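The values are calculated or read from the model by the stated rules, or taken from the named source; none is laboratory data. Treat the numbers as computed from the prediction; the structure is a model and nothing was measured. Don't worry about glycine lacking a Cβ; one is built from the backbone with ideal geometry, like all the others, and counts go over all protein chains shown. Calculation scope for accessible area: heavy atoms of the full protein, side chains included, ligands and nucleic acids excluded. Shrake-Rupley method; radii C 1.70, N 1.55, O 1.52, S 1.80 Å.
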Amino acid sequence: MNRILVINPGSTSTKIAVFEDEKLVVTEEVSHSTEELDKYERLMDQIDLRRNEIKEFIAKYGYKMSDFNAIAARGGVLPPLESGTYRVTEEMVDFLRNKTKIEHASNLAAVIGWELAENKIPVFITDPVSVDEFIPESRISGIPEIERKSLLHALNMKSVARKAAKELKKEYEECNFIIVHLGGGISIGAQRKGKMIDVNNANDEGPFSPERTGELPVGDLSKIAFSGKYEKRELKKRYVGKGGLVAYLGTNDLRVAMKKAENDEYAKKVVEAMAYQISKEIGGMAAVLKGEVDAIVITGGMARNEDFIEMIKQRISKIALIMLYPGSFEMEALAEGALRVLNNEEKAKDWKM
């Protein structure tokens, strides 16, 4: 039996779990308010906070680090790489801590896992956010100096795609899906024959989300950027962390926003606008797949809100079958990735710059 500690930091929470082989033994999700996280200038400044929460979780359930055969950590923003399970190394940790150009909560996981393991047990990542399966035309941005990048919630999106294919009684590699991950960030991708050929970068493309602005008018954005009112880091945080529902309604919780929308016309308009933008992005991905769509697969935390999903369904139901997988399957996918390596069913890949 292999016991695996799973670590998955998100933008507004830290998910922790213990698996014994494929069986989930215990799990918790520690939520972080906007006010709590605002104390930290950089994401990496949150390491002590999140590591201590994981230590408290381990002690609470009577475990010691020596009880684990491996740590499975959510993969961070590395240079573009193929999908699969990778061994966490000192080089990877240094890159995520000091060299990655994109701040993303997933960058914390491998760093924390490496520190907790103390070189005594292996640490793995599976299908990080920088998995790159783009077709050439997906990379063209409209200006030669900027190339579109493949950054997505690859772990959960690939996990639910496999579940959907199985439910449809089809091979994963035969299916065309539009996969919609609705969380603190939103990724909407076109998956053709098992490959994610296009997806919005959840940090600065696509629809606005609970705490991110999504795409913005370039001209107006330039005026704000050169207004002299904001430092670079402050401005970035306004768009990733303080945008979206937080900017309009003061909350990153869709449940709170939906409650406000019951009696507040402004809140209702904002929530409907987010559903509208999500639907529009789904329509765009249908065009990428030339209308050949087996299903629209919707997942993530916001997929639990039936009223919000209904707003989206009203606009996209004629495109294709809609399949719902509410919540996240990232924890089991991480555990399974590590387990395949521990059981010698798959060889861990070595990451190099």
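Considering only helices (runs of 4 or more DSSP H) fully contained in segment 195-291, which possess at least 3 residues that are open to solvent by less than 40 Å² (accessible area, probe 1.4 Å)? Show your work before the answer.
Details: elements: 218-225, 232-239, 244-249, 254-261, 265-288.
Output list reads 244-249, 254-261, 265-288.
So if I check each of ARG50, ARG74, ARG97, ARG87, which one is surrounded by 23 or more Cβ atoms within 10 Å (Cβ to Cβ) and among the basic types (Lys, Arg)?
On the way: ARG50 fails: surrounded by 23 or more Cβ atoms within 10 Å (Cβ to Cβ); ARG97 fails: surrounded by 23 or more Cβ atoms within 10 Å (Cβ to Cβ); ARG87 fails: surrounded by 23 or more Cβ atoms within 10 Å (Cβ to Cβ).
Among ARG50, ARG74, ARG97, ARG87, only ARG74 is surrounded by 23 or more Cβ atoms within 10 Å (Cβ to Cβ) and among the basic types (Lys, Arg).
Tally the residues that are part of a loop (DSSP other than H, G, I, E, B) and under 21 Å from HIS104 (Cα atoms), restricting the search to segment 132-157. Steps first, answer last, please.
At the first step, the residues of segment 132-157 found to be part of a loop (DSSP other than H, G, I, E, B) are 132-135, 144-145, 148-153.
Still in the running and under 21 Å from HIS104 (Cα atoms): 132-134, 148-153.
Residues that pass the stated criteria total 9.
Determine which single condition ASP294 fails, assuming it passes every other condition in (1) closer than 27 Å to SER13 by Cβ; (2) over 19 Å from the mean Cα position of the chain (by Cα).
Tallying (1) closer than 27 Å to SER13 by Cβ; (2) over 19 Å from the mean Cα position of the chain (by Cα), ASP294 fails exactly one: (1).
Check whether at least one residue in segment 167-175 is in a helix (DSSP H, G or I), open to solvent by 60 Å² or more (accessible area, probe 1.4 Å), modelled with pLDDT of 95 or more and among the basic types (Lys, Arg), and report yes or no.
Taking segment 167-175 and keeping what is in a helix (DSSP H, G or I), we get 167, 172-174.
With open to solvent by 60 Å² or more (accessible area, probe 1.4 Å) added as a condition, the list becomes 167, 173-174.
Now narrow it down to the ones that are modelled with pLDDT of 95 or more: 167, 174.
From what is left, the residues that are among the basic types (Lys, Arg) are none.
There is no residue in segment 167-175 that is in a helix (DSSP H, G or I), open to solvent by 60 Å² or more (accessible area, probe 1.4 Å), modelled with pLDDT of 95 or more and among the basic types (Lys, Arg).
Name every residue in segment 163-183 that is closer than 25 Å to ASN305 by Cα and basic (Lys, Arg), in order of residue number.
Answer for segment 163-183, where residues must be closer than 25 Å to ASN305 by Cα and basic (Lys, Arg): LYS163, LYS166.
Restricting the search to segment 176-194, which residues are part of a strand (DSSP E or B) and over 25 Å from LEU245 (Cβ atoms)? Write out each step before concluding.
In the first step, residues of segment 176-194 are kept if they are part of a strand (DSSP E or B); the result is 176-182, 186-192.
If the condition is that a residue be part of a strand (DSSP E or B) and over 25 Å from LEU245 (Cβ atoms), then ASN176, PHE177, ALA190, GLN191, ARG192 are the ones that fit.
Checking SER138 against (1) surrounded by 21 or more Cβ atoms within 10 Å (Cβ to Cβ); (2) on the phi < 0 side of the Ramachandran plot: exactly one of these is not met. Which one?
Of everything listed in (1) surrounded by 21 or more Cβ atoms within 10 Å (Cβ to Cβ); (2) on the phi < 0 side of the Ramachandran plot, SER138 misses just condition (1).
Given the conditions (1) open to solvent by less than 40 Å² (accessible area, probe 1.4 Å); (2) among the aliphatic types (A, V, I, L, M); (3) more than 25 Å from GLY10 (Cα to Cα), which single one is not true for ALA303?
Every condition holds for ALA303 apart from (3).
What number of residues within segment 51-89 satisfy the criterion of being among the charged types (D, E, K, R) and part of a helix (DSSP H, G or I)? Give the derivation first.
Kept after step one, since they are among the charged types (D, E, K, R), are these residues of segment 51-89: 51, 53, 55-56, 60, 64, 67, 74, 82, 87.
Subset that is part of a helix (DSSP H, G or I): 51, 53, 55-56, 60, 67.
Matching residues across segment 51-89 total 6.
Table: residues versus (1) closer than 26 Å to ARG255 by Cβ; (2) hydroxyl-bearing (Ser, Thr, Tyr); (3) open to solvent by 40 Å² or more (accessible area, probe 1.4 Å); (4) more than 23 Å from the chain's Cα centre (by Cα).
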{"position": "ILE309", "(1), (2), (3), (4)": "yes, no, no, no"}
{"position": "ILE312", "(1), (2), (3), (4)": "yes, no, no, no"}
{"position": "ARG315", "(1), (2), (3), (4)": "yes, no, yes, yes"}
{"position": "ALA320", "(1), (2), (3), (4)": "no, no, no, yes"}
{"position": "PRO326", "(1), (2), (3), (4)": "yes, no, yes, no"}
{"position": "MET331", "(1), (2), (3), (4)": "yes, no, no, no"}
{"position": "ALA335", "(1), (2), (3), (4)": "no, no, no, no"}
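Being part of a loop (DSSP other than H, G, I, E, B) and either among the small types (Gly, Ala, Ser) or in contact with a Lys or Arg (Cβ under 9 Å, 6 or more places away or on another chain) (or both) is the filter here; which residues of segment 108-128 pass it?
Initial filter on segment 108-128 (part of a loop (DSSP other than H, G, I, E, B)): 118-122, 127-128.
Across segment 108-128, the qualifying residues are PRO122, ASP127, PRO128.
Quick check on my filter: what residues within segment 137-150 are touching a residue at least 24 places away in the same chain (Cβ under 8 Å) and under 19 Å from LYS193 (Cα atoms)? Please lay out each step first, then the result.
So in segment 137-150, the residues touching a residue at least 24 places away in the same chain (Cβ under 8 Å) come out as 138, 148-150.
Matches in segment 137-150: SER138, SER150.
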